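Read the structure below first, then the notes.
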Amino acid sequence: MLRTEDRPAQHPQIVGQAIEVHRWVRQARAAGKTIGLVPTMGALHAGHLSLVAASCQQCDATIVTIFVNPTQFIGGEDFEAYPRNVPQDLKLLGQHEVDLVFIPTQDEMYPAGSSTLVLPPDVAQPLEGLCRPNHFHGVATIVLKLFHMIPADVAYFGQKDYQQTLVVRQMVADLRISMRIAVCPTVRESDGLALSSRNAYLNEHQREQALALSHSLQVASQLVQTGERESASIISKMRQVFADAGVAKIDYIALVDPDTLAEVRQVNAPTLATVAAHVGDARLIDNQLLEP
């Protein structure tokens, strides 16, 4: 069997206008095909490609979108610096059975005069919502736009952006959108670092420091497995991992209910350990489900 990287490129069709992608979806539906959607901001890595592979395996047709969405970046963030490499993205997608790539312009997604933003559900308020005000307004808005333009059967998201998956699932349920949301496991480097497009900002020393995120989650898991239940004690030991790595700017270290993201005082049921920290110019997030 050929490895993915050895397969000849498939050259998926590329479109940039909503009317084109909508027409394509209509024709695929008429042919009886099921459609998978993988929304991305480009700068693709193996994490994104795991979503693409899941869609290709589970659906008859796969559409990938590439759009760096300006409304989900808050003031002072890295919208202009966010890595963009569409030729490389297309080369990677060509190694999978992707049928269509939608690469709209900013004017296509936000025409002149656009002023509507989606108010995200309550689960958007803690954690990322506190650190990045209005971030999820932008996420919910662009995702809803894409879902209207591309009425797929299944949309694929990664667990690394755990809170985002809860926001999208709640929005889909609340607005009665007939689309299934599939969440795929976080893909990691061999040393545990969660793959992220923002890892490109890290130099060698900073990359070592960034391991504090996954290491702190491993510490939390080990503590729970050996009987520790007090959240305060677990968080204290997680915080020490960051201190030992020289990571000083921490947005949050939290143990929360995996459905509501409410903080828990004791880990007596499945609990999400979630962290966000700044390493160099990169703001990184990670999470892990703890099973007592």
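The values are calculated or read from the model by the stated rules, or taken from the named source; none is laboratory data. The shown structure was predicted, so the numbers you read here are calculated from the model rather than taken from an experiment. So basically every Cβ, Gly included, is an ideal-geometry build from the backbone, and we count neighbours across all protein chains shown.
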Q.
Is it the case, given these coordinates, that Val101 is at pLDDT 95 or above and over 27 Å from Ala54 (Cα atoms)?
A. no
Q. Which condition number does Asp174 fail, the rest of (1) touching a residue at least 40 places away in the same chain (Cβ under 8 Å); (2) surrounded by 14 or more Cβ atoms within 10 Å (Cβ to Cβ) being met?
A. (2)
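Keeping to the stretch 181-202, report how many residues are outside any helix (DSSP H, G or I) and under 16 Å from the mean Cα position of the chain (by Cα).
Final tally of qualifying residues: 12.
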Q. Within the stretch 234-247, is even one residue surrounded by fewer than 19 Cβ atoms within 10 Å (Cβ to Cβ), of a type in the set (Phe, Trp, Tyr) and within 22 Å of Pro126 (Cβ to Cβ)?
A. no
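Restricting the stretch 208-217 to residues that are in contact with a strand residue (DSSP E or B) (Cβ under 8 Å, 6 or more places away or on another chain) and of a type outside the set (A, V, I, L, M), which is surrounded by the fewest Cβ atoms within 10 Å (Cβ to Cβ)?
Narrowing the stretch 208-217 to residues in contact with a strand residue (DSSP E or B) (Cβ under 8 Å, 6 or more places away or on another chain): 209-210, 212-214, 216-217.
Filter once more, keeping what is of a type outside the set (A, V, I, L, M): 209, 214, 216.
Values: Gln209: 19, Ser214: 21, Ser216: 28.
Step by step, filter the stretch 208-217, then rank; the result is Gln209.
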Q: Output the residues belonging to the stretch 185-200 that are in contact (Cβ under 8 Å) with a residue 12 or more places away in the chain and out of contact with any Asp or Glu (no Cβ under 8 Å at 6 or more places or on another chain).
A: Pro185, Val187, Arg188, Asp191, Gly192, Leu193, Ser196, Ser197, Asn199, Ala200
Q.
Consider the stretch 148-171. How many of its residues are within 14 Å of Pro120 (Cβ to Cβ) and without any contact (Cβ under 8 Å) to a residue 60 or more places away in the chain?
A. 7
Q: Starting from the stretch 231-252, take each residue that is within 20 Å of Gly280 (Cα to Cα) and list its partners that are surrounded by fewer than 13 Cβ atoms within 10 Å (Cβ to Cβ) and of a type outside the set (Lys, Arg), counting only C-beta distances under 8 angstrom and pairs at least six apart or across chains.
A: Phe242/Ala248; Tyr252/Leu130
